[in-house]
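K.L.:
Sharing a structure with you now.
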Amino acid sequence: MKGQWGLVVALIFALIIAVFSVVNVDPVQVNYVFGTSEWPLVLVILGSVLMGAILVLGFGMVKYYKLSREVKRLRKENKGHTESQLVTVSDTDEASQPSEEVVSEENSVENENK
């Protein structure tokens with residue numbers, strides 16, 4: 001559902017940009033570091049939007065990869081803690097259970113009392 005809302009918002013945003021771009025078709029002068037040229041305003045607007053989207057995508061990918069590495073690290077750390085807890089629990093279970101000698105002595109005492 002969250003992905004669908006994102007798609008709807010992206011389509012609305014794209015529609016607004018398209019309408020705004022089509023309305024602004026006048027040629028404008030674009031100044032570069034090494035010169036100037038005239039471009040239709042629609043291309044300048046669409047080019048600016050495309051460059052902005054590429055920047056956002058790049059920063060988003062960097063954040064995604066950092067978070068995925070952190071998730072892997074935390075899962076590995078969690079697995080280590082879980083395994084150490086299992087060892088600790090099994091050690092305490094063994095310590096709380098009576099040994100075979102104690103059980104056999106209790107059985108012999110019960111047999112003598114009968």
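Bear in mind that the values in this text are calculations on the coordinates, not laboratory data. All of these numbers come straight from a predicted model, not from anything done at the bench. A quick note on method: Cβ atoms are made from the backbone with ideal geometry, for glycine too, and the neighbour counts reach across all protein chains shown.
K.L.:
Quick one: grab the alpha carbon gyration tensor of the stretch 10-67, order the square roots of its eigenvalues as a ≥ b ≥ c, and give me rounded if a/c is under 1.5, else prolate or oblate depending on whether a/b is larger than b/c.
P.N.:
Oblate, since a/c reaches 1.5 and b/c is not below a/b.
K.L.:
Compute the length gained on full extension between LEU67 and VAL9: take 0.36 nm times their separation in residues and subtract their Cα-Cα distance, giving the result in nm to one decimal.
P.N.:
18.4 nm
K.L.:
Around ARG69, under 15 Å between beta carbons, what's the net of Lys plus Arg minus Asp minus Glu among the other residues?
P.N.:
+4
K.L.:
Calculate one ³J(HN,Hα) per residue across the stretch 48-58 by plugging θ = phi - 60° into the Karplus curve 6.51 cos²θ - 1.76 cosθ + 1.60, and present them in order as whole Hz with x for glycine and proline.
P.N.:
Those phi angles translate into 5, 5, 5, 5, x, 5, 5, 5, 4, 4, x Hz.
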